[in-house]
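Asker: Mind having a look at this structure? Questions to follow.
The values are calculated or read from the model by the stated rules, or taken from the named source; none is laboratory data. Keep in mind that what you see is a predicted model, and the values were worked out from it rather than measured. Note: ideal-geometry Cβ built from the backbone for every residue, glycine included; neighbour counts use all protein chains shown. Side chains are part of the model used for accessible areas, which takes the heavy atoms of the whole protein and leaves out ligands, DNA and RNA. Shrake-Rupley method; radii C 1.70, N 1.55, O 1.52, S 1.80 Å.
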Protein chains: 2
Amino acid sequence: MRDFSADHRWLSINTATLRGAGTLDRIIDACARHGIRAISPWRDQVHAIGLERTAELVRGHMLELSGYCRGGMFPAMDAAGRRAALDDNRRAVDEAKQLEAACLVLVVGSLPGALAGAPQSKDLFAARRDVRDGIAATLEYARSVGMPLAIEPLHPMYAADRACVNTIEQALDLCDAIDPEPSGALGVAVDVYHVWWDPKLEAQIARAGRERLLAFHVCDWLAKTRDLLEDRGMMGDGVIEIPKIRAWVEAAGFAGYSEVEIFSSLDWWKRPADEVLTTCIERHRTAV
Amino acid sequence: MRDFSADHRWLSINTATLRGAGTLDRIIDACARHGIRAISPWRDQVHAIGLERTAELVRGHMLELSGYCRGGMFPAMDAAGRRAALDDNRRAVDEAKQLEAACLVLVVGSLPGALAGAPQSKDLFAARRDVRDGIAATLEYARSVGMPLAIEPLHPMYAADRACVNTIEQALDLCDAIDPEPSGALGVAVDVYHVWWDPKLEAQIARAGRERLLAFHVCDWLAKTRDLLEDRGMMGDGVIEIPKIRAWVEAAGFAGYSEVEIFSSLDWWKRPADEVLTTCIERHRTAV
């Protein structure tokens with residue numbers, strides 16, 4: 001297991017962690033000031049300042065992208081909706097490629113309409129079928145341009161609206177069905193927030209192995225979580241044994257960045273970027 | 001699959017659904033007025049009016065108990081804490097027996113202190129060990145008095161504070177370890193709210209079979225859930241395909257009550273008991 005205590009060379013900042021800090025150019029500046037070597041930006045943040053401008057900034061600061069957030073959201077009520085999702089995922093692959101991201105993270109989607117609060121279906125089986133077909137189609141294109149796809153199983157509390165893939169086991173079953181010979185083209189993003197509770201976590205991480213472990217995200221689960229989406233904790237402030245999970249991931253062969261992704265409208269998004277980054281760096285060294 | 005559309009003979013009311021309606025005697029009166037044949041009361045509600053008084057009321061109204069809520073909360077930081085939990089579970093078994101409940105439901109507990117917002121440990125493995133040992137010890141006593149124990153896997157969003165058993169598969173693995181020959185003495189309580197998202201749900205319900213399926217709880221998952229604990233929906237108002245899950249449970253041999261358990265400080269607890277019960281009955285017939 002790598003020693004993170006001496007520096008933060010393996011720290012990546014998911015730019016959603018700095019949603020309170022303004023536009024992506026300002027977030028990138030802040031990261032550069034703190035000697036951050038890698039980021040993982042969100043598409044809406046990239047689009048807001050432009051893909052070309054983002055690429056310039058990334059090159060200018062010699063940043064790596066530990067991932068690009070996000071593709072997915074495949075299920076739809078009809079063929080036109082599914083087609084639109086595929087088109088959008090193709091664009092996401094192209095953007096990830098232009099930014100030389102390590103992978104495109106897939107939040108696969110679930111019941112159509114649910115994210116907007118108006119689910120048009122209750123059929124999880126149909127959603128999972130759309131997800132399987134959508135990933136298979138997107139993989140064909142992503143493989144042709146050399147952009148790995150990382151399925152991110154989300155916590156089961158997002159099963160209705162954000163992702164009908166909710167465990168690493170389920171994600172790996174999907175990978176095995178779509179991409180039977182692991183080549184690094186399709187794998188999983190392991191976010192401790194989503195999977196820490198899983199009794200099969202250690203075994204499924206081992207099963208994933210180097211070829212399927214494409215990203216590792218950290219934050220913490222607060223014992224008194226006040227909001228289902230935007231109350232994630234800073235590493236060390238919650239109950240997740242992050243070093244134990246990192247040890248499993250690294251034992252399975254993962255050697256990439258540890259990416260901090262904290263959705264926290266109730267706390268961290270209210271704080272200055274410098275304070276957030278200083279804390280991320282300190283906790284990366286002591287609690288990851 | 002039984003036809004529920006004509007009457008509500010298989011409807012049970014978990015009395016937590018009527019937390020807004022006052023003391024248990026009033027709740028029981030309301031249930032009786034609506035021709036409810038079964039309830040599942042909580043210990044705090046029983047203790048508030050007394051066990052003897054509860055037993056009288058239950059007998060007087062010829063009510064059955066589809067379960068008794070709840071035992072469990074086994075993990076503790078030291079031997080004295082674990083001993084206290086076992087003593088309390090023994091008392092819960094005795095109370096369930098006096099009320100002739102179909103089973104004692106176990107919410108097994110997780111990280112000591114987390115429920116009070118101050119976790120004293122992050123060790124899920126230790127919590128699961130305490131749970132296994134606690135159930136084994138309690139089963140010995142419960143078996144001797146003939147009170148079945150139903151492990152309730154809780155939704156993974158309660159993994160820190162309420163239960164470190166979060167899937168039916170995990171609960172059944174525990175059952176198999178503690179009680180290798182299924183006899184009906186140890187099994188699971190399947191609550192659709194906790195398990196609806198699980199990709200292995202159908203298979204694990206089939207695996208459970210008649211001997212391990214001791215209780216079936218219903219409510220609904222609201223697409224826009226506002227609170228992690230107290231924003232459960234009325235059957236039909238959310239996204240869970242309840243009839244599909246009931247079909248699986250019945251195909252596996254379950255023939256007991258369908259127990260409505262709705263924690264809803266944001267909505268149903270604010271409404272009059274008669275409105276809640278009328279709605280439960282209607283939805284039992286149309287959405288379960």
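Asker: Taking the Cα centre of segment B:194-288 as origin, sum charge times position over the Cβ atoms of Lys and Arg (+1) and Asp and Glu (-1), and report the length of that vector in debye to the nearest 20.
Answerer: 260
Asker: Counting protein heavy atoms only and a 1.4 angstrom probe, how many square angstrom of accessible surface do chains B and A bury in total, to the nearest 100?
Answerer: 3000
Asker: Let me ask you something else. Given a 1.4 angstrom probe, I'd like the percentage of the accessible area of chain A that is carbon and sulfur, rounded to a whole number.
Answerer: Accessible surface attributable to carbon and sulfur in chain A totals 50 percent.
Asker: Give the percent of DSSP beta bridges with both residues in segment A:144-267 that are antiparallel, rounded to the nearest 5.
Answerer: 15
Asker: Between copies, how far apart are the A:A203 label points? List them in nm, one decimal, shortest first, with each point 7 Å from Cα toward Cβ, please?
Answerer: When each copy's label point is compared with this one, the spacings are 1.1 nm.
Asker: Relative to the first principal axis of the alpha-carbon coordinates of chain A, what is the inclination of helix A:51-60, with its axis defined by its Cα atoms, in degrees from 0 to 90 and to the nearest 10?
Answerer: Rounded to the nearest ten degrees, it is 40.
Asker: Just how far, in whole angstrom, is segment B:178-199 from segment A:128-144 if you go by their alpha carbon centroids?
Answerer: 35
Asker: Something else about it: Using a Förster distance of 22 angstrom, determine the FRET efficiency expected from the C-beta separation of A:A84 and A:E140, and round it to 0.05.
Answerer: 0.80
Asker: Highest first, please rank the peptides B:172-184, A:6-18 by the mean number of other Cβ atoms sitting within 10 Å of their residues.
Answerer: A:6-18, B:172-184
Asker: To continue, here is another question. Are there any residues in segment A:152-172 with a reduction of at least 10 Å² in accessible surface when going from the isolated chain to the assembly of protein chains? Probe 1.4 Å, please list them by number.
Answerer: Relative to the lone chain, where solvent access is computed with a 1.4 Å probe, segment A:152-172 loses at least 10 Å² at A:H155, A:P156, A:M157, A:A159, A:A160, A:D161, A:N166, A:T167, A:E169, A:Q170.
Asker: Return the average number of partner chain Cβ atoms within 10 angstrom of each residue Cβ along peptide A:187-199.
Answerer: 3
Asker: At 222 nm, what value in deg cm²/dmol follows for chain B if DSSP H runs of at least 4 each add -39500 (n - 2.57) and the sum is divided by all its residues, to the nearest 500?
Answerer: Mean residue ellipticity, 222 nm, calculated: -13000 deg cm²/dmol.
Asker: Where a ≥ b ≥ c are the square roots of the eigenvalues of the C-alpha gyration tensor, would you call chain A rounded, which needs a/c under 1.5, or, failing that, prolate if a/b is larger than b/c, or oblate?
Answerer: Judged from the Cα gyration tensor, chain A comes out rounded (a/c under 1.5).
Asker: Also, quick follow-up: Counting only residues 5 or more places away or on other chains, whose amide H sits under 5 Å from the amide H of B:R70 once H atoms are built in the peptide plane?
Answerer: Answer set, sorted by chain and number: B:R43.
Asker: Which whole-number percent gives the relative contact order of segment A:96-224, counting Cα pairs below 8 Å spaced six or more residues apart?
Answerer: It comes to 25 percent, rounded to a whole number.
Asker: How much of the DSSP bridge set in chain B is antiparallel, in percent, rounded to the nearest 5?
Answerer: 5
Asker: On to the next question. Mind listing the label-point distances from A:L229 to the same position on all other copies, shortest first, one decimal in nm, points 7 Å along Cα→Cβ?
Answerer: 2.4
Asker: I'd like the Karplus ³J(HN,Hα) series for segment A:163-172: coefficients 6.51, -1.76, 1.60, θ = phi - 60°, whole numbers in Hz, and an x wherever there's a Gly or Pro.
Answerer: Each residue of segment A:163-172 in turn: 7, 9, 10, 10, 9, 4, 4, 5, 5, 5 Hz.
Asker: Then there's this: Over chain B, calculate the relative contact order: mean separation of alpha carbon pairs under 8 Å at least 6 apart, over the residue count, as a percent.
Answerer: In percent, rounded to a whole number, it is 21.
Asker: What gaps in nm, shortest first, separate B:T23 from its twins in the other copies when you place the label 7 Å past Cα toward the beta carbon?
Answerer: 6.6
Asker: Which of the three applies to segment B:63-109, rounded, prolate or oblate, going by the alpha-carbon gyration tensor with a ≥ b ≥ c and a/c under 1.5 meaning rounded?
Answerer: Oblate shape, in that a/c is at least 1.5 and b/c is the bigger or equal ratio.
Asker: Could I ask something else about it? I need the shape label for segment B:90-217. Rule: rounded when a/c is under 1.5, else prolate if a/b > b/c, else oblate, with a, b, c from the alpha carbon gyration tensor.
Answerer: oblate
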